[in-house]
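Shown next, in structure tokens, is the structure this report addresses.
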Amino acid sequence: DKVRNMMRSAREWEREADLAMHGASNDPMMSQRARAMKLAASRYKNIGICFQATLHQRELLDDIVAYYSLMAAYFPRVALGGAAPASGFSLPLPSPAPKEFLSFPEYYVENMCQALSWIGRINLQLLNPNAVEQFMLFFALFLGSHDYVTNPYLRGKMVEALSSYIPTEDEGMDESNPWGRSHVPAGSQEVTAMINAHPLVIQHLIKALVLLFVEIERTDRHNAFYEKFSTRYQIGEVMVYLWDHPGHREAWKHVVENDPKLYIRFVNMMINDSQHLLQEALEALPEVRDIESRMADQESWKREPSSTREELLQQLESHRRTLNSDFALSAIYLKLMEITSSDPSICARFFDVQIRDRQARILNFFL
């Protein structure tokens, strides 16, 4: 995460420097500051590349996979008292959770999920079939087991790792289908096969995702409000992928029919987030248009004090980041609404008496 944040910061500094240089062609002081920022961004990026090169070493990655696959196999055995059941694992896990299991530090799970997310982005083929089975079993057992992993943030890290192995959108896809997904990358075939074939995963993954979507609303973390959007986006990505597989779709219907209160909360929070994100984006658009119009009038823009131009350029970059984020996050909610609307038994929950009037008011507001 630190390496990724470092590279992201370097890219943001480069964009800000380019904007500053564009708006300060006749201001030597601002031009000098922009060049200094670009040089700092370049150095920062080089440091990040060095870290990446170290973390890409095959021997290190093989050791990481071996270590965490053993950890993923060990946790379920501790949860069941020290031995794997002869008939295989099943859910729900025994309640209450054993003290031995609860004594594990939370960073064990967090570090494992961060390592899996990293490997999912750089080299999917590092995961051998045995490691894939151990990791998928771990997610199936603990993603929805609140008594064992009480912190929703940690379960969100599990979803982040899982989403790293879900096929990503195809850059060359049809423009009329902005949510279309590409074919499964060769290196992740074993992962996706396990997701779509393992009975425990098929039976329980959808409900675990719906439950986490609801529970991530409130955590004890200081930036929980913003973290929930990232986690819900990743949950949405996984759910959109699972929708196309009959076993998972049946499990989805089972959640809707047998736990309607949970699913209605899920729908209600999805609508809440969509409203917040789209409203925030619509409020940012006029601000972007206003600043871009001022920049287009070059004579007037040159007469502005350098401090004013710098402040406006920072606001413009901030608004653009907000728009990119809000539209990307809201798109996954709209896609979830779209695909579930094709099934009468599922879309009926959108017309439940608890949410239908409010949903109508929101639609009227945007229309």
* Asked: Just how large is the dipole of the chain about the Cα centre, in debye to the nearest 20, putting +1 at every Lys and Arg Cβ and -1 at every Asp and Glu Cβ?
  -> 480 debye
* Asked: Reachable lysines from residue 207, Cα under 19 Å, same-chain residues fewer than 8 places away excluded?
  -> 157, 228, 253, 261, 335
* Asked: Can you give the accessible area of residue 257 in Å² (nearest 10), computed on protein heavy atoms with a 1.4 Å probe?
  -> 120 Å²
* Asked: In deg cm²/dmol, rounded to 500, what helix-only [θ] at 222 nm does the chain give when every DSSP H run of at least 4 residues adds -39500 (n - 2.57) and the total is split over its residues?
  -> -24500 deg cm²/dmol
* Asked: Rounded to the nearest whole Å², what accessible area per residue is found for region 225-347 with the 1.4 Å probe?
  -> 48 Å²
* To do: Calculate what fraction, in whole %, of the accessible area of the chain sits on carbon and sulfur atoms when a 1.4 Å probe is rolled over the protein chains.
  => 52 percent
* **Additional length obtainable on full extension of the chain from residue 280 to residue 121, 0.36 nm per residue less Cα span** => 54.2 nm
* Once fully extended, how much extra length lies between residue 293 and residue 218, figured as 0.36 nm per residue of separation less the alpha-carbon to alpha-carbon distance? -> 23.0 nm
* Structure fact -> Between the modelled labels at residue 272 and residue 130 (7 Å from Cα along Cα→Cβ) the distance in nm is 4.6 nm
* Structure fact -> With every protein chain kept in place and a 1.4 Å probe, the residues 146, 319 fall, from largest accessible area down, as 146, 319
* Accessible-area order (highest first, 1.4 angstrom probe) of the listed residues 13, 243, 118 -> 13, 118, 243
* Reachable lysines from residue 45, criterion Cα separation under 17 angstrom, eight or more residues apart if same chain -> 2
* Anisotropy class of the chain from Cα gyration tensor, a/c 1.5 cut -> oblate
* Structure fact -> Placing each pseudo-label 7 Å from Cα in the direction of the beta carbon, residue 363 and residue 5 end up separated by a distance in nanometres of 4.2 nm
* About the Cα centre of region 267-340, what is the dipole size in debye to 20, counting +1 per Lys and Arg Cβ and -1 per Asp and Glu Cβ, all else neutral? -> 140 debye
* To do: Take each of the peptides 70-76, 51-57, average the number of other beta-carbon atoms within 10 Å over its residues, and list them starting from the highest.
  => 70-76, 51-57
* Asked: Where in region 277-315 does the label zone of residue 12 land, with the point 7 angstrom along Cα→C-beta and an amide N cut-off under 16 Å?
  -> 313-315
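The values are calculated or read from the model by the stated rules, or taken from the named source; none is laboratory data. It should be emphasised that the depicted structure is a prediction, and the values quoted were computed from it without experimental measurement. Note that we place each Cβ from the backbone using ideal geometry, even for glycine, and neighbour counts take in every protein chain shown. Protein only, heavy atoms only, side chains kept; ligands, DNA and RNA dropped before computing areas. Shrake-Rupley method; radii C 1.70, N 1.55, O 1.52, S 1.80 Å.
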